[in-house]
Structure formats: structure tokens, C-alpha cells
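> This is the structure, below, for whatever I ask next.
The values are calculated or read from the model by the stated rules, or taken from the named source; none is laboratory data. Computed from a predicted model, the values in this text were never measured in an experiment. Using ideal geometry, Cβ is built from the backbone for each residue, glycine included, and neighbour counts are taken over all protein chains shown.
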Amino acid sequence: MGYVNGIDLHREMMYRGRNIILDASYIDNDTIEIMCMDAEDSTKEYECKRTNDPDEAERIYGSIRYSYSDQPHKKLSGKYAKLRDDLIKVLEIGRQHDQGEDGGTCNFDAPSIVGNGWRESMVKQAAKEAGTTVRKWKLYSDTRWVFGVPTMGQGNRRCRVSEAMCEVLSDLGYDVLEYSAMD
């Protein structure tokens, strides 16, 4: 039950007042099933995915775990509350720059900040409360946090939004680097 790559991928938690179970298990020699279901009514499945790749199973498990975790875990304070409030401002500036042509290369440009020693769950909560997403990025000796951008653009529009967000984050005192990758 719940072991993939030697890691226990079984969790029981609350979601919207209901007890739920999230589990990843081999259902045959090659196939791993990741399932989130109601703990009291096993016929009620929230999400079910399958893969043959153990690393992908861990990623899917993590994504589902985050999606079905009740937030907030704790009231944000200190640097995490400041981050949430700053992200709200930054996202609004990004929305204001989400216009014009969208030519150029499809990309994944997004603002990132240094956050060494920051608790991942609290950074994710700050991002969620601000209305965006975040992912951890290890770059050399730094832990960086890459935030989602509020645009449907995928080329130049996304670049403009990301650049504007980076500028505001820098003005607010964060150590900023724009994450850039082409599709």
C-alpha cells in the first residue's frame, strides 16, 4: 500500500470537511495508480490517474495532494503574509501588461525570487491566497520560487507580463530572476 520508489505515498487528510485518502500503488508489475477518494464512501473517487513511470507517479501524487489539501494550514504571518500581499500587487501589475500582440516563441517566462530556508507549504499557501501558483526551483545553491503569471499569452504577451512582475518584485526588495524556457 502506497510505496513507490521506496517512498510512502499514502496520506489521509481532510478536504472540505470530508476525510479523504490519497494513495499511489502498483496495480500490476508496471502500472502505478494514483487515486484520491472519499474515506467513508469508497465509491466516491475524486481523481484517478495511471502511469508506468515511478517519478511521474510521485509528481502526480504531489500535484493531487496540493490540489486536495484544505488551505489555509495556518494563518500567514511575517514574511509569508508580506509575500502574499506583495504577490497580489504584482499579479495586478501583470494583468495590466497582458495586452498586445502575442508573436514570438512559445515560452514559460515567469518571475522567481530567492527564498532560502522558506517553508514550502507556507510559500504555496501565500501563492494560493494571492491567486497564483508556485513551484520550487533549485538553482545552484539557492532555492528559488517560480510564480505563475496571469496571462493566456504564450509568446511576447507572456514575456511582457513576466518582465513587469519581475520589476515590481525587485522594487519591493526581493532578489529576482526571470525564469525563462522555450517550449
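> Within segment 119-128, how many residues turn out to be modelled with pLDDT of 90 or more and in a loop (DSSP other than H, G, I, E, B)?
The total comes to 0.
> Does at least one position in segment 51-58 carry a residue that is closer than 27 Å to residue 138 by Cα, out of contact with any strand residue (DSSP E or B) (no Cβ under 7 Å at 6 or more places or on another chain), in contact (Cβ under 8 Å) with a residue 24 or more places away in the chain and not assigned by TED's automatic domain parsing to the domain that holds residue 153?
yes
> Still on this model: Restricted to segment 152-171, and to residues that are in a loop (DSSP other than H, G, I, E, B) and buried (at least 16 other Cβ atoms within 10 Å of the Cβ), which residue is modelled with the lowest pLDDT?
Taking the candidates together, the pick is 153.
> Picking from 121, 141, 112, 170, which residue would you name as being closer than 17 Å to residue 83 by Cβ and without any contact (Cβ under 8 Å) to a residue 40 or more places away in the chain?
That would be 170, the only listed residue that is closer than 17 Å to residue 83 by Cβ and without any contact (Cβ under 8 Å) to a residue 40 or more places away in the chain.
Residue by residue, here is whether (1) among the acidic types (Asp, Glu); (2) in contact (Cβ under 8 Å) with a residue 12 or more places away in the chain; (3) loosely packed, with under 14 Cβ neighbours inside 10 Å; (4) closer than 20 Å to residue 179 by Cβ holds:
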| residue | (1), (2), (3), (4) |
| --- | --- |
| 81 | no, yes, no, no |
| 87 | no, yes, no, yes |
| 93 | no, yes, no, yes |
| 98 | yes, yes, no, yes |
| 102 | yes, yes, no, yes |
| 105 | no, yes, yes, yes |
| 108 | no, yes, no, yes |
| 126 | no, yes, no, yes |
| 131 | no, yes, yes, yes |
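> Any residue at all in segment 25-33 that's surrounded by 12 or more Cβ atoms within 10 Å (Cβ to Cβ), under 23 Å from residue 121 (Cβ atoms) and touching a residue at least 24 places away in the same chain (Cβ under 8 Å)?
no
> Moving to a separate point now. Kindly establish whether residue 9 is within 30 Å of residue 111 (Cβ to Cβ) and under 19 Å from the mean Cα position of the chain (by Cα).
Here the answer is no, as residue 9 does not meet what is asked.
> Sticking with this structure for a sec: Give 93, 27 a once-over and let me know the one that is among the aliphatic types (A, V, I, L, M) and closer than 30 Å to residue 165 by Cβ.
93
> I've got another one for you. Do the conditions hold for residue 160, that is, is it touching a His at 6+ places or on another chain (Cβ under 8 Å), within 19 Å of residue 182 (Cα to Cα) and in the same structural domain as residue 95 (by TED's automatic domain parsing)?
yes
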